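Working notes for the structure below.
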(Lines give C-alpha, C1' and ligand atoms only; values in the text may rest on other atoms or scores of the structure.)
Protein backbone atom coordinates (compact mmCIF):
# COMPACT_ATOMS: atom_id res chain seq x y z
CA UNK A 1 0.00 0.00 0.00
CA UNK A 2 2.87 2.40 0.77
CA UNK A 3 4.18 1.68 -2.73
CA UNK A 4 0.93 2.76 -4.36
CA UNK A 5 0.62 5.76 -2.06
CA UNK A 6 4.17 6.90 -2.78
CA UNK A 7 3.74 6.62 -6.54
CA UNK A 8 0.34 8.31 -6.45
CA UNK A 9 1.64 11.07 -4.24
CA UNK A 10 4.72 11.58 -6.31
CA UNK A 11 2.35 12.17 -9.21
CA UNK A 12 1.00 15.08 -7.20
CA UNK A 13 4.38 16.82 -7.04
CA UNK A 14 5.54 19.82 -8.95
CA UNK A 15 8.35 22.23 -9.68
CA UNK A 16 9.16 25.90 -9.36
CA UNK A 17 11.95 27.26 -11.54
CA UNK A 18 14.69 29.55 -10.28
CA UNK A 19 15.30 33.12 -11.39
CA UNK A 20 18.82 32.23 -12.61
CA UNK A 21 20.63 29.08 -13.57
CA UNK A 22 22.87 29.03 -10.50
CA UNK A 23 20.46 30.47 -7.95
CA UNK A 24 18.30 28.09 -5.94
CA UNK A 25 15.25 29.77 -4.46
CA UNK A 26 14.83 28.76 -0.82
CA UNK A 27 11.20 27.93 -1.62
CA UNK A 28 11.96 25.99 -4.79
CA UNK A 29 10.81 22.43 -5.03
CA UNK A 30 13.69 21.60 -7.40
CA UNK A 31 16.01 18.99 -5.93
CA UNK A 32 16.07 15.60 -4.32
CA UNK A 33 13.62 14.85 -1.49
CA UNK A 34 13.38 11.87 0.87
CA UNK A 35 10.33 10.74 2.84
CA UNK A 36 10.48 11.37 6.58
CA UNK A 37 7.02 10.73 8.02
CA UNK A 38 3.28 10.73 7.58
CA UNK A 39 1.04 12.77 9.84
CA UNK A 40 -2.64 13.51 10.24
CA UNK A 41 -3.92 16.98 11.11
CA UNK A 42 -7.42 17.43 12.52
CA UNK A 43 -9.80 19.15 10.13
CA UNK A 44 -11.74 20.38 13.14
CA UNK A 45 -9.09 22.09 15.28
CA UNK A 46 -5.72 21.70 13.51
CA UNK A 47 -4.19 19.46 16.18
CA UNK A 48 -1.79 16.66 15.22
CA UNK A 49 -3.58 13.31 15.43
CA UNK A 50 -0.50 11.22 14.66
CA UNK A 51 3.02 11.68 13.29
CA UNK A 52 4.53 8.35 12.25
CA UNK A 53 8.12 8.13 10.99
CA UNK A 54 8.77 5.98 7.93
CA UNK A 55 10.94 2.84 8.13
CA UNK A 56 14.65 3.11 7.38
CA UNK A 57 14.05 1.16 4.16
CA UNK A 58 11.24 3.47 2.98
CA UNK A 59 13.45 6.49 3.76
CA UNK A 60 15.79 5.36 0.95
CA UNK A 61 13.04 6.38 -1.49
CA UNK A 62 13.48 9.65 -3.36
CA UNK A 63 11.51 12.21 -5.30
CA UNK A 64 13.66 14.31 -7.59
CA UNK A 65 12.15 17.51 -9.04
CA UNK A 66 14.08 18.60 -12.11
CA UNK A 67 14.31 22.02 -13.79
CA UNK A 68 12.76 20.58 -16.99
CA UNK A 69 9.34 20.15 -15.29
CA UNK A 70 9.76 16.42 -14.74
CA UNK A 71 9.79 14.62 -11.43
CA UNK A 72 11.15 11.12 -10.85
CA UNK A 73 10.23 8.99 -7.86
CA UNK A 74 12.14 5.91 -6.78
CA UNK A 75 10.47 3.70 -4.20
CA UNK A 76 12.08 1.41 -1.63
CA UNK A 77 9.99 -0.63 0.77
CA UNK A 78 10.09 -3.91 2.64
CA UNK A 79 8.87 -6.88 0.64
CA UNK A 80 6.84 -9.76 2.08
CA UNK A 81 10.08 -11.39 3.28
CA UNK A 82 11.03 -8.29 5.27
CA UNK A 83 13.90 -7.33 2.96
CA UNK A 84 14.37 -3.80 1.65
CA UNK A 85 13.55 -3.79 -2.06
CA UNK A 86 13.76 -1.20 -4.86
CA UNK A 87 10.33 -1.12 -6.56
CA UNK A 88 11.54 1.03 -9.46
CA UNK A 89 11.38 4.58 -10.71
CA UNK A 90 8.48 6.49 -12.26
CA UNK A 91 8.76 9.82 -14.09
CA UNK A 92 6.00 12.40 -14.52
CA UNK A 93 5.58 15.93 -15.85
CA UNK A 94 4.33 18.58 -13.41
CA UNK A 95 3.46 22.25 -12.79
CA UNK A 96 3.15 24.44 -9.72
CA UNK A 97 0.79 27.27 -8.74
CA UNK A 98 2.70 29.15 -6.02
CA UNK A 99 -0.22 31.47 -5.27
CA UNK A 100 -2.54 28.54 -4.58
CA UNK A 101 0.22 26.29 -3.17
CA UNK A 102 -0.86 23.48 -5.50
CA UNK A 103 1.16 20.79 -7.25
CA UNK A 104 -0.38 19.29 -10.38
CA UNK A 105 0.85 16.13 -12.07
CA UNK A 106 -1.04 14.37 -14.84
CA UNK A 107 -4.19 16.20 -13.73
CA UNK A 108 -3.85 15.24 -10.06
CA UNK A 109 -3.74 18.24 -7.71
CA UNK A 110 -2.21 18.20 -4.22
CA UNK A 111 -2.20 20.96 -1.59
CA UNK A 112 1.27 22.03 -0.44
CA UNK A 113 1.20 22.79 3.28
CA UNK A 114 4.88 23.73 3.71
CA UNK A 115 7.76 24.29 1.30
CA UNK A 116 11.10 25.70 2.38
CA UNK A 117 14.80 24.95 1.85
CA UNK A 118 14.72 21.85 4.09
CA UNK A 119 11.15 20.51 4.13
CA UNK A 120 8.21 19.77 1.88
CA UNK A 121 4.80 18.86 3.35
CA UNK A 122 1.84 18.07 1.14
CA UNK A 123 -1.61 16.58 1.55
CA UNK A 124 -1.82 13.06 0.16
CA UNK A 125 -5.40 12.36 1.25
CA UNK A 126 -8.36 13.55 3.29
CA UNK A 127 -9.94 11.09 5.73
CA UNK A 128 -11.87 11.24 9.00
CA UNK A 129 -9.06 9.65 11.04
CA UNK A 130 -10.48 10.45 14.49
CA UNK A 131 -14.14 9.77 13.69
CA UNK A 132 -15.43 13.27 14.52
CA UNK A 133 -17.29 13.64 11.22
CA UNK A 134 -14.76 16.13 9.79
CA UNK A 135 -12.16 15.11 7.20
CA UNK A 136 -8.58 15.36 8.44
CA UNK A 137 -5.49 16.04 6.30
CA UNK A 138 -3.07 13.16 5.76
CA UNK A 139 0.25 14.87 5.14
CA UNK A 140 3.47 13.38 3.78
CA UNK A 141 6.65 15.01 5.07
CA UNK A 142 9.83 15.09 2.96
CA UNK A 143 13.31 16.49 3.63
CA UNK A 144 16.18 17.50 1.33
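The values are calculated or read from the model by the stated rules, or taken from the named source; none is laboratory data. Note that the structure is a prediction, hence the values are computed from the model and not measured. FYI the Cβ positions are ideal-geometry reconstructions off the backbone, even for glycines, and counts take in every protein chain you see.
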- Query: Considering only residues of segment 26-59 that are at pLDDT below 95 and not in a strand (DSSP E or B), which is surrounded by the fewest Cβ atoms within 10 Å (Cβ to Cβ)?
  - Reply: 26
- Task: Scan segment 136-143 and give yes if some residue there is under 26 Å from residue 27 (Cβ atoms), part of a strand (DSSP E or B) and at pLDDT below 95, otherwise no.
- Result: no
- Message: Being more than 30 Å from residue 134 (Cβ to Cβ), part of a loop (DSSP other than H, G, I, E, B), modelled with pLDDT of 85 or more and touching a strand residue (DSSP E or B) at 6+ places or on another chain (Cβ under 9 Å) is the requirement here; does residue 73 meet it?
- Response: no
- Answer from 110, 124 - the residue that is outside any loop (DSSP other than H, G, I, E, B) and either touching a helix residue (DSSP H, G or I) at 6+ places or on another chain (Cβ under 6 Å) or exposed (fewer than 13 other Cβ atoms within 10 Å of the Cβ) (or both): 124
